[in-house]
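Have a look at the structure below, then the notes.
The values are calculated or read from the model by the stated rules, or taken from the named source; none is laboratory data. Model, not experiment: these values are computed from the prediction. Quick reminder, even Gly has a Cβ in these numbers, built from the backbone with ideal geometry, and neighbours come from all protein chains shown.
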Protein chains: 2
Amino acid sequence: MDIRARVVTLELAERFTIARGSTDTTEVVHVEIDHAGERGNGEAAPIERYDESAASALAFVERTELGDDPFSLEDLGERLAKRPGEQAAKAAIDAALHDLCGKLLGLPVWRLLGLRRAGPPTSWTIGLADPDAMAGKAAAAQGRFRRLKLKLGGGDGLDVERVRAVRSASKLPLQVDVNEWWSLEEALEALPQLAELGVQYCEQPLRAGDPDGPELRRRSPLPIYVDEDCHTLADLAACAERAHGVTIKLAKSGGMREAVRMAHAARALGLGVMLGCMLESGLGISAGCQVASLCDHVDLDGNLLLAHDPWPGVQLVDGVQLPPASPGLGVHPAPRVALD
Amino acid sequence: MDIRARVVTLELAERFTIARGSTDTTEVVHVEIDHAGERGNGEAAPIERYDESAASALAFVERTELGDDPFSLEDLGERLAKRPGEQAAKAAIDAALHDLCGKLLGLPVWRLLGLRRAGPPTSWTIGLADPDAMAGKAAAAQGRFRRLKLKLGGGDGLDVERVRAVRSASKLPLQVDVNEWWSLEEALEALPQLAELGVQYCEQPLRAGDPDGPELRRRSPLPIYVDEDCHTLADLAACAERAHGVTIKLAKSGGMREAVRMAHAARALGLGVMLGCMLESGLGISAGCQVASLCDHVDLDGNLLLAHDPWPGVQLVDGVQLPPASPGLGVHPAPRVALD
């Protein structure tokens, strides 16, 4: 198999803000694997929080040799897993291999994996902003989406106010993501109020590894999901001590194959499962969509936050991000648009 | 898809004895699923311990409608799982569907699942008998097998003597299976002696659900594996309280798909994984072989205990039960031998 990669800059439709910072663009790495006349594609969305960058992901892919059997997924995955870090790059290779296998067999990846095509409705992410601005975005999402995910962690004492403002502007189910920005005391003050406002669950209120995690799990009136605490299968048992559910992302797990393993192990541990994403094109989002049906909640809106999606094919149908029915990941590069 | 089934009697090479009883023959159910010009085959080995019989498995299969998509494995599996009991029949349907999908795609099932072809060496099972007789069988296994599994639970105070006799007749790694026949006190007396004799692990010393399980786990000098305690993914968290490893069998899990889920969840729980079998033909054993590479230990010798295997194809190579490299499960019915 021949493998190559390049860095691609994705432009957001508007500035995106979470507790850790703001951005107008994001860099991803596109991976191509050629074999037996077919090409598999995958996308890496490196996570700065874990010291990954487009440059480090690119370097990882460029040091990768895959051998000659795209179906030896367990073997290839184990070899990649032995190399430290660069989970996003691993996920791109995993996605490209699955895309390739699906194309070689003429099957969409979700069928190759024996899964259903449709998962649960995606949430629509509302970035961190003033309460009124967030309420305005929530109102605008009505009709197109069936769940809202609010980024919290403003550090200004207004987080509950944000949820209250959105609640008054929208009847959609609400989820909140604090991105590690609260202390135990802040969480215990905010969560009962969020429960009264009908929030479904709270994602990563405390810092990853915070020793107060198990206590918050016991005392929280809302289910706690952990994201920054949960990367691969090896983290799941500890997550069960500090949370009611886990947020799986392909960019953390290293790809679909590990994500599937994690979803099953989470069931055995009694954990809920959410599938999240990064700011990604439809190429990355399609990989998530292939395994979304194994999850209770999904947040797969990364491509919808872009100014334009360079890899169209995933369809938003009644709030569900539906993967294509064509072989592999089923997405293809958009024709380049002439700039006038 | 068209599905049909029939009862088949398998004749053993010699009488087989475990703690619960003896047998000279065993009844299995063979399932055929036809679709798009291909036929998938699978075998059910019903377990009397769980109130299953060939007749009850046959009746279960005869009440099954599968629809038109053999690749919708998750969906079909969930529908089967909702019907109570008859795990062996479910495993036969799961195997026949995988065989069919592999044939439709031209891929062996292990490749379709992205797995390696070879798992660990199979153990060779020595049925419960007098110490000298067991030692004789152990000596005869030399050269052909790389591990021995001794059936214990004689109820005659001679179990340690059995292991000592075998140990003096063979240098192969030893595993023991008590099939629920010891009390906590008997286990705590026997296990230190078995540890001194170099036994690797002890399978199901106590009755399933025995409240002494967690205490034995704490005090045992040998790893405890549970079999009768462990059926499906839902049992794994409780098994982690009472054992160091689990014995997965397709006839308990309801098939390969659940077995794969269980193997991954076991890793997340820090449990060792053994894959066992029943008295089965090569058709049933091939299904186990497809997923054996996910396991630490395998006992897939069921077809080797038969007078003749009606579904040849699995090869014993250097102690490993190797699945065929041909599409699906890769085994085919042997020509009927004329009786003279």
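Over 18 Å from B:Val298 (Cβ atoms), within 14 Å of another protein chain (Cβ to nearest Cβ) and in contact with a Ser or Thr (Cβ under 9 Å, 6 or more places away or on another chain): does that describe B:Leu269?
Numbers: over 18 Å from B:Val298 (Cβ atoms): yes; within 14 Å of another protein chain (Cβ to nearest Cβ): yes; in contact with a Ser or Thr (Cβ under 9 Å, 6 or more places away or on another chain): no.
The answer is no for B:Leu269.
What tally of residues in the stretch B:162-201 results from selecting those that are surrounded by fewer than 19 Cβ atoms within 10 Å (Cβ to Cβ), assigned to a loop (DSSP other than H, G, I, E, B) and not hydrophobic (A, V, I, L, M, F, W, C)?
Of the residues in the stretch B:162-201, 4 are surrounded by fewer than 19 Cβ atoms within 10 Å (Cβ to Cβ), assigned to a loop (DSSP other than H, G, I, E, B) and not hydrophobic (A, V, I, L, M, F, W, C).
Out of the stretch B:230-248, which residues are outside any strand (DSSP E or B) and more than 14 Å from the chain's Cα centre (by Cα)?
At the first step, the residues of the stretch B:230-248 found to be outside any strand (DSSP E or B) are B:230-244.
Selection gives B:Leu233, B:Ala234, B:Asp235, B:Leu236, B:Ala237, B:Ala238, B:Cys239, B:Ala240, B:Glu241, B:Arg242, B:Ala243, B:His244.
Can you go through A:Glu215, A:Glu241 and tell me which one is in contact with a helix residue (DSSP H, G or I) (Cβ under 9 Å, 6 or more places away or on another chain), at pLDDT 95 or above and closer than 20 Å to B:Leu269 by Cα? I'd like the intermediate steps shown before the answer.
Numbers: A:Glu215 fails: closer than 20 Å to B:Leu269 by Cα.
Only one candidate qualifies: A:Glu241.
If I ask for residues that are farther than 23 Å from B:Gly77 by Cβ, part of a strand (DSSP E or B) and touching a helix residue (DSSP H, G or I) at 6+ places or on another chain (Cβ under 8 Å), which ones from the stretch B:256-313 would you list?
B:Gly272
Within the stretch B:283-313, which residues are closer than 15 Å to B:Arg147 by Cβ, more than 14 Å from chain A (Cβ to nearest Cβ) and hydrophobic (A, V, I, L, M, F, W, C)?
Correct list: B:Val298, B:Leu300, B:Leu304.
Would you confirm whether or not the stretch B:84-94 contains a residue that is away from chain A (no Cβ under 14 Å), part of a strand (DSSP E or B), touching a helix residue (DSSP H, G or I) at 6+ places or on another chain (Cβ under 7 Å) and of a type in the set (Gly, Ala, Ser)? Talk me through it step by step, then tell me what you get.
Filtering the stretch B:84-94 down to residues away from chain A (no Cβ under 14 Å) leaves B:84-92.
Pick out the ones that are also part of a strand (DSSP E or B) and you get none.
Scanning the stretch B:84-94 turns up no residue that is away from chain A (no Cβ under 14 Å), part of a strand (DSSP E or B), touching a helix residue (DSSP H, G or I) at 6+ places or on another chain (Cβ under 7 Å) and of a type in the set (Gly, Ala, Ser).
Which pairs turn up if I take residues in the stretch B:220-242 that are within 14 Å of chain A (Cβ to nearest Cβ) and look for partners that are among the aromatic types (Phe, Trp, Tyr) with beta carbon separation below 9 Å, at least 6 apart in sequence or on another chain?
Listed pairs, sorted by first residue: B:His231/B:Tyr50.
Tally the residues that are within 11 Å of another protein chain (Cβ to nearest Cβ), more than 21 Å from the chain's Cα centre (by Cα) and among the charged types (D, E, K, R), restricting the search to the stretch B:112-155.
The first filter runs over the stretch B:112-155 and keeps only residues within 11 Å of another protein chain (Cβ to nearest Cβ), leaving B:112-117.
Subset that is more than 21 Å from the chain's Cα centre (by Cα): B:112, B:114.
Now restrict to residues that are among the charged types (D, E, K, R): none.
Counting residues in the stretch B:112-155 that are within 11 Å of another protein chain (Cβ to nearest Cβ), more than 21 Å from the chain's Cα centre (by Cα) and among the charged types (D, E, K, R) gives 0.
For B:Arg79, state whether it is over 24 Å from B:Arg6 (Cα atoms) and either surrounded by 24 or more Cβ atoms within 10 Å (Cβ to Cβ) or within 14 Å of chain A (Cβ to nearest Cβ) (or both). Even if it seems obvious, please write down each step before you answer.
On the way: over 24 Å from B:Arg6 (Cα atoms): no; either surrounded by 24 or more Cβ atoms within 10 Å (Cβ to Cβ) or within 14 Å of chain A (Cβ to nearest Cβ) (or both): yes.
The answer is no for B:Arg79.
Condition test on A:Ala5, is it of a type in the set (A, V, I, L, M, F, W, C), more than 17 Å from the chain's Cα centre (by Cα), surrounded by fewer than 20 Cβ atoms within 10 Å (Cβ to Cβ) and at pLDDT 95 or above?
Working: of a type in the set (A, V, I, L, M, F, W, C): yes; more than 17 Å from the chain's Cα centre (by Cα): yes; surrounded by fewer than 20 Cβ atoms within 10 Å (Cβ to Cβ): no; at pLDDT 95 or above: yes.
Here the answer is no, as A:Ala5 does not meet what is asked.
What's the total number of residues in the stretch B:95-121 that are closer than 12 Å to B:Ala287 by Cβ and assigned to a loop (DSSP other than H, G, I, E, B)?
The number of residues fulfilling the criteria is 1.
So, B:Arg83, is that one without any contact (Cβ under 8 Å) to a residue 24 or more places away in the chain, among the charged types (D, E, K, R) and more than 26 Å from A:Val109 (Cα to Cα) or not? Explain how you work it out, then say what you get.
Details: without any contact (Cβ under 8 Å) to a residue 24 or more places away in the chain: yes; among the charged types (D, E, K, R): yes; more than 26 Å from A:Val109 (Cα to Cα): yes.
So B:Arg83 passes the test.
Working carefully through the options B:Glu203, B:Glu196, find the one that is among the acidic types (Asp, Glu) and within 30 Å of B:Glu52 (Cα to Cα). Can you show your working first?
Details: B:Glu196 fails: within 30 Å of B:Glu52 (Cα to Cα).
Result: B:Glu203 is the single residue among B:Glu203, B:Glu196 that is among the acidic types (Asp, Glu) and within 30 Å of B:Glu52 (Cα to Cα).
Looking at the stretch A:52-70, can you tell me whether even one residue there is free of Cβ contacts under 8 Å to residues at least 60 places away in the same chain, within 14 Å of another protein chain (Cβ to nearest Cβ), over 10 Å from A:Ala89 (Cβ atoms) and part of a helix (DSSP H, G or I)?
no
Do we have A:Arg49 as in contact (Cβ under 8 Å) with a residue 40 or more places away in the chain, closer than 29 Å to A:Gly155 by Cα and more than 14 Å from chain B (Cβ to nearest Cβ) here?
On the way: in contact (Cβ under 8 Å) with a residue 40 or more places away in the chain: yes; closer than 29 Å to A:Gly155 by Cα: yes; more than 14 Å from chain B (Cβ to nearest Cβ): yes.
In short, yes.
In the stretch B:14-23, is there at least one residue being modelled with pLDDT of 95 or more, surrounded by fewer than 16 Cβ atoms within 10 Å (Cβ to Cβ) and assigned to a strand (DSSP E or B)?
Looking only at the stretch B:14-23, we keep the residues that are modelled with pLDDT of 95 or more, and these are none.
No, there is no match, as no residue in the stretch B:14-23 is modelled with pLDDT of 95 or more, surrounded by fewer than 16 Cβ atoms within 10 Å (Cβ to Cβ) and assigned to a strand (DSSP E or B).
Can you tell me which residues in the stretch A:120-134 are more than 16 Å from A:Val178 (Cβ to Cβ) and surrounded by fewer than 22 Cβ atoms within 10 Å (Cβ to Cβ)? Working first, answer last.
So the first thing to find is which residues in the stretch A:120-134 are more than 16 Å from A:Val178 (Cβ to Cβ), and the list is A:120-122, A:124, A:130, A:132-133.
A:Pro120, A:Pro121, A:Asp130, A:Asp132, A:Ala133 - these are the residues of the stretch A:120-134 that are more than 16 Å from A:Val178 (Cβ to Cβ) and surrounded by fewer than 22 Cβ atoms within 10 Å (Cβ to Cβ).
The rows are residues; the columns are (1) within 30 Å of A:Pro70 (Cβ to Cβ); (2) in contact with a Phe, Trp or Tyr (Cβ under 9 Å, 6 or more places away or on another chain); (3) in contact (Cβ under 8 Å) with a residue 40 or more places away in the chain.
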{"residue": "B:Gly119", "(1), (2), (3)": "yes, no, yes"}
{"residue": "B:Trp124", "(1), (2), (3)": "no, yes, yes"}
{"residue": "B:Ala129", "(1), (2), (3)": "no, no, yes"}
{"residue": "B:Met134", "(1), (2), (3)": "no, no, no"}
{"residue": "B:Ala138", "(1), (2), (3)": "no, yes, no"}
{"residue": "B:Gly154", "(1), (2), (3)": "no, yes, yes"}
{"residue": "B:Gly157", "(1), (2), (3)": "no, no, no"}
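Check A:Leu112, A:Leu148, A:Leu158, A:Leu206 and return the single one that is surrounded by fewer than 20 Cβ atoms within 10 Å (Cβ to Cβ) and of a type outside the set (Lys, Arg).
Details: A:Leu112 fails: surrounded by fewer than 20 Cβ atoms within 10 Å (Cβ to Cβ); A:Leu148 fails: surrounded by fewer than 20 Cβ atoms within 10 Å (Cβ to Cβ); A:Leu206 fails: surrounded by fewer than 20 Cβ atoms within 10 Å (Cβ to Cβ).
Within the list A:Leu112, A:Leu148, A:Leu158, A:Leu206, the selection yields A:Leu158.
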